[in-house]
Amino acid sequence: MKKDRLYFLTFLSIAVIFLLTASIAVQYFIKASANQLIEVQVESSKREANEVARFLDYEFSKDISKKEVVKNTQKVIADSNTDSWFISVFNWSGKEVCHPDITKVGQTVNSNQTLLASLEEKNNSEDLYELLVNRNASDESTSEIIYISPLKNADLIVAANVNMNRIAAQMNALKVNFYLIFLLMGILIIVLSFLAVRFIGSAYEKQLELKNSTLTSEVVNLSKLNIDLASYREKVVEVAQEEATGDTTEKGKQRILTYVRNELVPIPIKEIAYIYTENTITYVVCFNGKRSTTNTSLDDMHTNLDAALFFRANRQFIISITAIDKIIKYGNSQLKILLQSKTSEEIIISKNKAAEFKQWLNM
């Protein structure tokens, strides 16, 4: 149940993050694409207006009457105002002379001077984009002049016009396409991310379960090891009691000779907690914390001690079974021995030596 809730929250988080990111990104992409579309079409309209102006100048240079030129131009541009961009002609007084919608001929030109100046000087498509975005549905203006090209041989001006309704429709179609793309992309990203999280989560859970299983097994083995230690310690105590009452014969040495400074001191073997070597000197440490030295090497000491009571933990230490307090796991399959003596020594048994140590405890 907790996993299902976690997966649901993960799915919800991915969806919210994507929606927040997409809501910002989609607006930027729509504006950038719309501006690019507008720039291309504005340049195309400018070229068309300049070409028409040159052609009309050419006709006037051939002494063709103004009436004939206007008539022919009106025929050419008739009904072209349904396109996104179209051409019109007006005179210096601001009256329409030629227009695709013949009903507008003779009417005064109504143009946005700020927009016209912006597009003519800087080709700033953002101004036209803002005009389209902020345009009211009830606005009666269906077109705007975006470029003018005056004739040299007549008092006429060729104007490039934008069909506001048609461009607005193109922008709406662009928005719909972008929203559709982001929707499909969002669904794909969210679903794939959810599946990836679930797959990774399942793999992690399996690894965690395996690790826990291994850890449980190690804890059980370690507990068994400590139980064996306690059992073996009891056997040692029983043997010591039997020896004290004279029920068994003596085995091996009962004491060793050591030095405290220049004084020769015998140490009963049963009082030895551990023996170690440091800088080629062998030290004997008792349960009461007292430390003395011996001239015997660690190898010789191990040979002369009872193997049932003492274990060679590593190259530096020999430990007594009765001195071991706890056995804990250390590193990679290593063991750490905590002693009962007043010292704070921690003896590490290597991975290779650990199996021998376990076998020694089970003797």
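The listed residues are 162, 176, and the only one of them that is in the same structural domain as residue 77 (by TED's automatic domain parsing), of a type in the set (A, V, I, L, M) and loosely packed, with under 11 Cβ neighbours inside 10 Å turns out to be 176. Considered as a group, the residues in segment 68-123 that are assigned to a loop (DSSP other than H, G, I, E, B), out of contact with any His (no Cβ under 7 Å at 6 or more places or on another chain) and among the aliphatic types (A, V, I, L, M) include one that is modelled with the highest pLDDT, and that residue is 78. Taking the criterion of being touching a helix residue (DSSP H, G or I) at 6+ places or on another chain (Cβ under 8 Å) and surrounded by fewer than 16 Cβ atoms within 10 Å (Cβ to Cβ), the residues of segment 11-28 that qualify are 19, 25.
A quick yes/no check of all residues on (1) among the β-branched types (Val, Ile, Thr); (2) farther than 16 Å from residue 270 by Cβ; (3) under 51 Å from the mean Cα position of the chain (by Cα):
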site	(1), (2), (3)
300	no, yes, no
304	no, no, no
329	no, yes, yes
337	yes, yes, yes
346	no, yes, yes
353	no, yes, yes
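Considered as a group, the residues in segment 130-160 that are within 18 Å of residue 70 (Cα to Cα) and among the polar types (S, T, N, Q) include one that is modelled with the lowest pLDDT, and that residue is 153. Those residues that are in contact with a Phe, Trp or Tyr (Cβ under 9 Å, 6 or more places away or on another chain) and part of a loop (DSSP other than H, G, I, E, B), I need them from segment 348-361; list them, please. Result: no residue meets the conditions.
Report whether or not residue 44 is of a type in the set (Ser, Thr, Tyr) and touching a residue at least 60 places away in the same chain (Cβ under 8 Å). No: the conditions fail for residue 44. Of the residues making up segment 314-350, just one is farther than 15 Å from residue 285 by Cα, small (Gly, Ala, Ser) and either at pLDDT 85 or above or not assigned by TED's automatic domain parsing to the domain that holds residue 271 (or both), namely 350.
Annotation note: Cβ proximity below 6 Å between a residue of segment 86-104 that is crowded, with 16+ Cβ neighbours inside 10 Å and a residue that is assigned to a helix (DSSP H, G or I) and not β-branched (Val, Ile, Thr) (sequence gap 6+ or interchain) occurs for 86/80; 96/104; 98/74; 100/80; 100/81; 101/81.
The values are calculated or read from the model by the stated rules, or taken from the named source; none is laboratory data. Note that the coordinates shown come from a computational prediction; the quantities given were computed from them, not determined experimentally. No Cβ is skipped: glycine too gets one built from the backbone with ideal geometry, and neighbour counts run over all protein chains shown.
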